[in-house]
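Peer 1: Have a look at this one.
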Amino acid sequence: MDEVLASQVAAGEVVERPASVVKELVENSIDAGARCIRVEIRRGGVSLLKVVDDGCGMGRADAELCLRRHATSKLLDAAGLFDIRHLGFRGEALPSIASVAHIDITTRRAEDLEGTRVSCDGGEAEPPMSAGCAPGTEICVTNLFFNTPVRRKFLKSDDTEAGHVEHQLKLHALAFPNIRFVFTREGQVVFDVPATHDLRRRIADFIGQAPAARLMRMRPTEAPGVRVSGYLMPLSAANRNRRMQYIFLNGRPIDDPIVMRAVRDGFGGFPTGLHPGLFIYLEVDPALVDVNVHPAKREVRFRRPSEITLAVTDAVAATLAAHARGESDADEPSPAPPPEQPAETPRTPFKLRPVLEPSQEELPLPPAPAPAPADTGSAPAPAPQEEPEPLPFRHIGTLHDTYAIFENSEGLVLLAPRAARERIIFERLLAGNRHPIASQRLLVPEILEMDARDMGIALEVKPQMEQAGFLISLFGRNTLRVEAVPAFLPLRRVASFVQELLLIFTRGEVRLNRSRAPFEPFAMQLARQYARQEDISALLQAPLPLLAELLRCEIPYCTPTGKPTLLPFSMSEINRKFQAQ
Ligand code: ADP
Ligand code: MG
């Protein structure tokens, strides 16, 4: 009886509700190499919860053993604890479940002539029997919590519990697209998703074809001990809640603030209240992570967190940048349905609440206007030759010499000129990956005296400066000479601008990752500093071209660091405030 009690205590940890039983059983099926997993429930999983797989099955001895505590076949030695390739390794799940329910296990290995059935009722095992069955394992749990009435009382309605089961199964299905999952509730098939090698297809099974077609594929990114891949939804299709944000670590969903922070950094911040869809898959060397800190927790503990978070940030930022450059997902194994807009001109047309209405028809935007007068013309201006269509916006004024005011058919829009420039400059800098950014030579080079301690870092930033169109040479031991600046960024005070830019890095406010030298974080700082010194009243003199250029950006609604560039006020919102009909 002590065994049973111990199991019931353990069950408190492992078995909270039907969904946690499903989690444990399905993880075992995955570990058993199943290609197809069927889950059936009745009454929210309380009266019946059945998991059937076509995995390796168990021989008679293992079948008898698996209901005993710590009977795991996966923990070979103590070192194995730190090398968890399997989802389960505690050997507690089956006995815990058996202690609070009735459980029948029918199982057969492919090589055995007959299968085995073992049953257990509230921890009391019955002798095993022979059974005729297909290879694989069927585990049937009935009358969950029959002997722990308090636990049973804590369960919510059948619908709610069934919803949790469905969600749990969906997580497994997203984590393992190469396994077929069938979910049946009260005899009705809720979903049956076929095995596929194409992750986008599996995602589409859950979010629908049209949204899945908008997903940006992440180029798999590798760093020592970690590999990052998956799909991202563009910010322009972001949601207002986190429901479409999934991060998996070695096949398990995680909800970890450190990883989420890294994702957000890669996006350059999420605009307030918006949560772009994420399907991110991390494969981390099991030696670098503790997943089983607590069986039910979805937080993880990394042994070298900064390497993981940098890899995640880089992978996300590189995906957004590639998408901004109009690179398609052409290297996918099986192409997804065609995107709604041509990949060459990635545009995010502006609607008053476009982010909440991804399915709505989007207005095409006018082509790029002629380069601004400040532009030397040598910059890679993608200016098309046709007559530009008028913007569907009318400039109706300026607010406090600070914001441009526009109206369109849907309402009112305020534009923050500096924030807009920051976004535009950032995306132009990133576009430099495709066409190198043109430089403009200075008539007289500028000399920068550097603090000796800062020279090392200044030299580290030099490649990024040059990618952006600056030309910098070493001139004496602690002196730099600026010979050219980006042609599309005319500078009045070159020396102080460059000095301040370098300060951001030498002061350690922002660090570039040395080994992979990403350009995006640098571009972010450069754009911010450039926009900061721009003359607002000059920008406000040509507000329409500024708006047009902003709207041609991949992510027009916010700066790279997530501050808004545009504030829309729809007529319905305004009318509501005036209590108009
Ligand atoms: P763990 O998964 O942590 O090893 P469990 O209590 O979940 O512990 O399972 C105990 C053992 O039962 C497993 O190690 C495995 O050998 C066996 N087992 C459980 N479910 C299955 C299954 N669906 N197919 C094959 N073997 C299984
Ligand atoms: Mg297990």
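The values are calculated or read from the model by the stated rules, or taken from the named source; none is laboratory data. Here the structure is a predicted model, which is why all the values come from computation and not from measurement. Methodologically, a virtual Cβ is constructed for each residue, glycine included, from the backbone with ideal geometry; neighbour enumeration extends over all protein chains shown. Ligands, DNA and RNA are stripped out before the accessible areas are found, and what is left, the full protein with its side chains, is counted by its heavy atoms. Shrake-Rupley method; radii C 1.70, N 1.55, O 1.52, S 1.80 Å.
Peer 1: Residues that are touching a residue at least 60 places away in the same chain (Cβ under 8 Å) and either at positive phi or acidic (Asp, Glu) (or both), at least 1 per element: which strands (runs of 3 or more DSSP E) completely within segment 96-153 meet that?
Peer 2: On the way: elements: 102-108, 115-121, 129-131, 136-142.
Filter on segment 96-153 gives 136-142.
Peer 1: Moving on to the next point. Given the structure, is residue 90 within 13 Å of ligand 2 (Cβ to nearest atom), over 36 Å from the mean Cα position of the chain (by Cα) and at pLDDT below 80?
Peer 2: no
Peer 1: Give me the pairs, please: first residue somewhere in segment 46-70 and touching a residue at least 12 places away in the same chain (Cβ under 8 Å), second residue anywhere and of a type in the set (Ser, Thr, Tyr) and away from ligand 2 (no atom under 15 Å from the Cβ), beta-carbon distance under 8 Å, and either six or more positions apart or on two chains.
Peer 2: Within 8 Å, the pairs are 47/142; 48/142; 49/142; 58/116; 59/116; 60/116; 63/116; 64/116.
Peer 1: Take the residues in segment 433-466 that are among the β-branched types (Val, Ile, Thr) and farther than 23 Å from residue 323 by Cα, then tell me which one is most open to solvent (accessible area, probe 1.4 Å). Give the steps one after another, and end with the answer.
Peer 2: Let us first name the residues in segment 433-466 that are among the β-branched types (Val, Ile, Thr), namely 437, 444, 447, 457, 461.
Cutting the leftovers down to farther than 23 Å from residue 323 by Cα gives us 444, 447, 457, 461.
Values: 444: 107, 447: 76, 457: 54, 461: 4 Å².
The qualifying residue most open to solvent (accessible area, probe 1.4 Å) is 444.
Peer 1: Report yes if residue 222 is among the charged types (D, E, K, R) and modelled with pLDDT of 95 or more, otherwise no. Before you say what the answer is, go through the steps one by one.
Peer 2: On the way: among the charged types (D, E, K, R): yes; modelled with pLDDT of 95 or more: no.
Taking the combined requirement at face value, the residue does not satisfy it.
Peer 1: I've got another one for you. Got at least one residue in segment 543-560 being over 20 Å from residue 427 (Cβ atoms), open to solvent by less than 40 Å² (accessible area, probe 1.4 Å) and at pLDDT below 90?
Peer 2: no
Peer 1: If you don't mind, there's one more thing I want to ask. What pairs come out if I take residues in segment 268-282 that are surrounded by 16 or more Cβ atoms within 10 Å (Cβ to Cβ) and pair them with residues that are assigned to a strand (DSSP E or B) and charged (D, E, K, R) whose C-beta lies under 8 Å away, six or more apart or interchain?
Peer 2: Matching pairs, first to second residue: 282/227.
Peer 1: Among the candidates 424, 504, 437, 447, which residue alone is closer than 14 Å to residue 526 by Cβ and touching a strand residue (DSSP E or B) at 6+ places or on another chain (Cβ under 8 Å)?
Peer 2: Working: 424 fails: touching a strand residue (DSSP E or B) at 6+ places or on another chain (Cβ under 8 Å); 504 fails: touching a strand residue (DSSP E or B) at 6+ places or on another chain (Cβ under 8 Å); 447 fails: closer than 14 Å to residue 526 by Cβ.
After ruling out the rest, the residue left standing is 437.
Peer 1: Taking segment 242-263 as the region of interest, how many residues are crowded, with 17+ Cβ neighbours inside 10 Å and of a type in the set (D, E, K, R)?
Peer 2: 2
Peer 1: Could we say that residue 100 is modelled with pLDDT under 95 and crowded, with 23+ Cβ neighbours inside 10 Å here? Walk me through how you get there before you give the answer.
Peer 2: Details: modelled with pLDDT under 95: yes; crowded, with 23+ Cβ neighbours inside 10 Å: yes.
Considered against the rule, which asks whether it is modelled with pLDDT under 95 and crowded, with 23+ Cβ neighbours inside 10 Å, residue 100 comes out as yes.
Here is a yes/no grid of residues against (1) open to solvent by less than 10 Å² (accessible area, probe 1.4 Å); (2) within 28 Å of the chain's Cα centre (by Cα):
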{"position": "426", "(1), (2)": "no, yes"}
{"position": "477", "(1), (2)": "no, no"}
{"position": "485", "(1), (2)": "yes, no"}
{"position": "489", "(1), (2)": "yes, no"}
{"position": "496", "(1), (2)": "no, no"}
{"position": "507", "(1), (2)": "no, no"}
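Peer 1: Can you tell me which of (1) buried (at least 16 other Cβ atoms within 10 Å of the Cβ); (2) in contact (Cβ under 8 Å) with a residue 24 or more places away in the chain is the one residue 219 doesn't meet?
Peer 2: For residue 219, the failing item is (1).
Peer 1: Looking only at segment 20-45, how many residues end up being open to solvent by 10 Å² or more (accessible area, probe 1.4 Å), part of a helix (DSSP H, G or I) and more than 9 Å from ligand 1 (Cβ to nearest atom)?
Peer 2: Going through segment 20-45 one residue at a time, the tally reaches 3.
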